[in-house]
Structure formats: C-alpha cells, structure tokens
1. First check a/c for the range 5-181, with a ≥ b ≥ c the square roots of the eigenvalues of its C-alpha gyration tensor; if it is under 1.5, answer rounded, and if not, answer prolate when a/b is larger than b/c or oblate otherwise.
2. Which of the residue pairs LYS126/LYS340; LYS240/LYS340; LYS203/LYS252; LYS152/LYS333; LYS203/LYS333 have a Cα-Cα distance greater than 20 Å in the structure shown?
3. Taking 0.36 nm per residue of separation and subtracting the Cα-Cα distance, what length does fully extending ASN100 through VAL202 add?
4. How large is the charge dipole for the chain, taken about the Cα centre, if only the Cβ atoms of Lys, Arg (+1) and Asp, Glu (-1) carry charge, to the nearest 20 debye?
5. Ranked by accessible surface with a 1.4 Å probe, highest first, in what order do TYR110, TYR373 come?
6. Taking springs between alpha-carbon atoms closer than 10 angstrom, which of ARG253, ARG226, ARG261 fluctuates most in the Gaussian network model of the chain?
7. When ranked by the protection proxy of mean other Cβ atoms within 10 Å per residue, highest first, what sequence do the peptides 211-217, 201-207 form?
8. Give me the percent of Cα-Cα pairs in the chain that sit more than 38 Å apart, rounded to a whole number.
Amino acid sequence: MLRTTANSLFRLAAPRSTRAFATKKADLLPPLKVAVTGAAGQIGYALVMRIASGELLGKDQLIELNLIETEAGMSPLSGVMMELEDGAFPLLSKVSATSNLNEGFGDIDYALLVGASPRGPGMERKDLMAANAKIFAEQGKALNESAGINSKILVVGNPANTNALVASENAPDMWPEQFIAMTRLDQSRAKGLVAEKANVPVKDVDRVIIWGNHSATQYPDLSHARIGGKWAKSIITDDKWIRNDFIPRVQKRGAEVIDARGASSAASAASAAIDTIRDIHLGSPEQWLSNAIPSDGSYGIADGIWYSVPTVCEGDSHYRRVKNLPIDEYSAKMMNATEKELIEERDSVRHLLPGHENKPVSWNMLESLHDAYVAGETDKVNKILSDLPPEYAKGAEQARASEASS
Ligand code: NAD
Ligand code: LMR
C-alpha cells in the first residue's frame, strides 16, 4: 500500500507543530522506537549505551530499543543486552534483540543502519560495495513494510551514500528524504582540524561543509566556515595548508584511524551518529550540519544520488538543505569530482535499484508548498497544487480547507 497519502503529504506541508516538551522531571515522553542494526559490532556497542542514556533523543524521552544482528551476531548481542540491563537506564522502557528485519523495524521512529562489513587497511570504502550494498536492499524492503510512517533512517554502514540510495530505492513507499547517509563524522573531523590550526575550542568553529561522498573524494570546504563568528579564511590565510594538508587529511582520516587502531573508527562514528539524529529530532537551527541526502539538483548536482550538503535541522524530524551558496571555481571542481564518483557507484549497483515509478512527488515540492503556504503566497500554493498529481492535490486541498476552518 502506498503510505504517502494525500493527508500525510499535506501534514508535511502544513505549518510544523512544536514538539511537546516535557516540563517536569516526572513528565517523561511516551516511548519512541529506535532500531540499531549491527548492534553487537564495534560502533553498535558504543552507540546503544549512549542511546539508552538519553543522548540520542533527549533526557525526557523514553526509548524502546530494537537491536538487530545476523544469526551469528546473536550470541555477542545477548551480552550487549545483559550490559544494557545492568546499566539500569531509567529511559529504557524495552529492549529486544532479533535477526528478523520486519520485527526489528516494526513501527520504528528511527533506524540506525550500522550493520555491515568494515574495510581493512589498503581498501577504499567502495571496495565494500559488493559485500554490503545487498544488505541495504533487504533492509530497504523491510523498512518499507514495517517502519513508522514518519521514521528517519540513518545509514552508517559503508559505502554509506550509495547504501542509502539502495535502501531508499527498495522502499518505494517511503520518502527518499527519510534516508540520510552519515557525513557528520567528516564534518566533526574537519572542525577539529580547523580548531587545532586556529588554536580555538572546537565549539568556536562552524559552517564547515562536507560536500559529496563519504569517501576520499569528499570535499571539506572552508569557503563559508567561521571561527568565533569571523570568516575562517580571514583567520586561516594559508591556502596551501587548506588544499595540501587540511583537505587530504579529512578525506583520508578514516584510513589514518584504521592504520593506527587496526580497526575502523568506532566511538567517534557512534558519536557522529548520535549527533546526527539528536539534531534532526530536537533541532539545531543555528548550525549548518553536513548530511548526505537525495540530491534535488541544487548546486548543479545530478539527481538520484545521496550527496552531502549543508543542512539546517529544524527539529521535529525536519531538515532542509542550505541553498544558493556562492561556489567558486576550485570548489566547483572538487564538488564535481565527488559527484562523479557517486554516479559511478550508483551505476555499479543498478542491479539493486528496482526503479520504482510511484514516487511522483518529491519532498522538495512539499517544502516549497509549506513555505508558500506559511508565507501566504496563494498564487504559488495554487501553482504547486496544480503541479501535484490529481490524487495528491485533491487531498492536500481538502486537508488545507479543513485545517483553515478548524
Ligand atoms: P563491526 O564489524 O565491528 O560490526 C558490524 C556488525 O554488523 C557485526 O556485529 C555484524 O555481525 C553486523 N552485521 C553484519 N551484517 C549485518 C546485517 N545484514 N544485519 C545486521 N547486522 C549485521 O563493524 P563496525 O566497526 O561497527 O562498522 C560498521 C560499518 O560502519 C562498516 O561498514 C564501517 O565501514 C561503517 N562506518 C561508517 C562510518 C561513517 O562515517 N559513515 C564511520 C565508521 C564506520
Ligand atoms: C570512517 O570514516 O572512519 C569510516 O568510514 C570507516 C572507514 O572505513 O574509514
């Protein structure tokens, strides 16, 4: 069944409700369901404890955790379950472990798709494609059948951008924008290096952007970055450092960690996953946060790939991309290189992309509808409604009329 009904479309386009925050300590919010795949792995282990302690969704939010593993992972997972129990986390209302995807994704609000093979020394992340992409095809199908209607899915397993594409394409009743591939770790790494270079606390660095793929072609961009509110490039004036040290270091930081640790980053990856979902859930409207989301043609980037861009997380599970930033010639070249790699990755997994036709309406269209509606731009609202397929437009108009009269 197509779950994106006209009313749910309109709900997304209508003015956003404010999240009902608990006011007193005793007012814990009813449980939200969070699924984590690969929960017994390195990242999973670091992740679930922090989710249980309230760092993902807030200290007033009860949580049901669905931990998903392979059959072989069930034994170590039982140890993780014991540790969760022994942690006596007050916000954890229920924990379950399963290798059944439909059970694990049943009615979830958030899923963190971590379970996949990590790379070893000397490998690129795309070398994991053959082993990992099919996992995300299966998980996309199960999410489509079982996940909650407003769920958000964070893809961490590598190659993350293309895995997100594969999962989304196998979930035809879900919005592509429900799937996000994680590039927050790259952004945090970049901020750390800038803070070190400028000798300031990392909290003083913002608007660093990661464009494109979570791979060695990503473009960590300081063109719009700020340090203590000032343009970063007026403080870090050494362009050679930016091009020859900073950019390659961020691009290859994952490999640097693997070489040093003998295993890929785990605690910092869990941290970045927590940061990503926390900001999407609770909002962080002042920040530009890098997330790989389905391209909408902005910045001339091809449609149909998950490309990291700056986003603003408005809370209540809504995010929007930062648009119309000026792009200089060097940045354009770097952005095109990582786009090219993502297109090649997409082409290499064509066999896992069923190519559904029933996604006629994009979230971007609805965002424009929402913005025009809130701004009272009646002509624009009517134009967008007339561009929607009739079955959507009729329902959206009815919902708008009933909203206006209530
Ligand atoms: P790990 O090997 O320690 O753990 C992976 C876990 O996933 C294992 O317990 C395994 O049993 C489980 N698993 C495998 N296939 C599964 C499936 N189909 N369903 C459920 N569980 C499954 O690896 P890790 O260090 O936790 O890394 C996990 C993934 O995250 C890797 O692909 C790694 O490259 C990626 N990663 C991404 C980022 C990022 O920034 N996007 C950062 C770090 C790591
Ligand atoms: C990372 O960036 O640390 C992860 O993607 C793991 C890896 O393979 O580099």
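1. Numbers: a/c = 1.94, a/b = 1.13, b/c = 1.72.
Verdict is oblate for the range 5-181.
2. Values: LYS126/LYS340 13 Å; LYS240/LYS340 25 Å; LYS203/LYS252 23 Å; LYS152/LYS333 32 Å; LYS203/LYS333 29 Å.
Beyond 20 Å: LYS240/LYS340; LYS203/LYS252; LYS152/LYS333; LYS203/LYS333.
3. Gain in length upon complete extension: 32.6 nm.
4. Working: 44 positive and 52 negative charges, 158 e Å.
Dipole size: approximately 760 debye.
5. Numbers: TYR110 10, TYR373 65 Å².
Putting TYR110, TYR373 in descending order of accessible area: TYR373, TYR110.
6. Maximum among the listed residues: ARG261.
7. Working: 211-217: 25.3, 201-207: 15.3.
My ranking of the peptides, most packed first, is 211-217, 201-207.
8. Details: 15473 of 82215 pairs.
Taking all Cα-Cα pairs of the chain, the fraction more than 38 Å apart is 19 percent.
The values are calculated or read from the model by the stated rules, or taken from the named source; none is laboratory data. Bear in mind the structure is a predicted one, so any value in this text is a computation, not a measurement. Methodologically, a virtual Cβ is constructed for each residue, glycine included, from the backbone with ideal geometry; neighbour enumeration extends over all protein chains shown. For accessibility, only protein heavy atoms count, side chains too; no ligands or nucleic acids. Shrake-Rupley method; radii C 1.70, N 1.55, O 1.52, S 1.80 Å.
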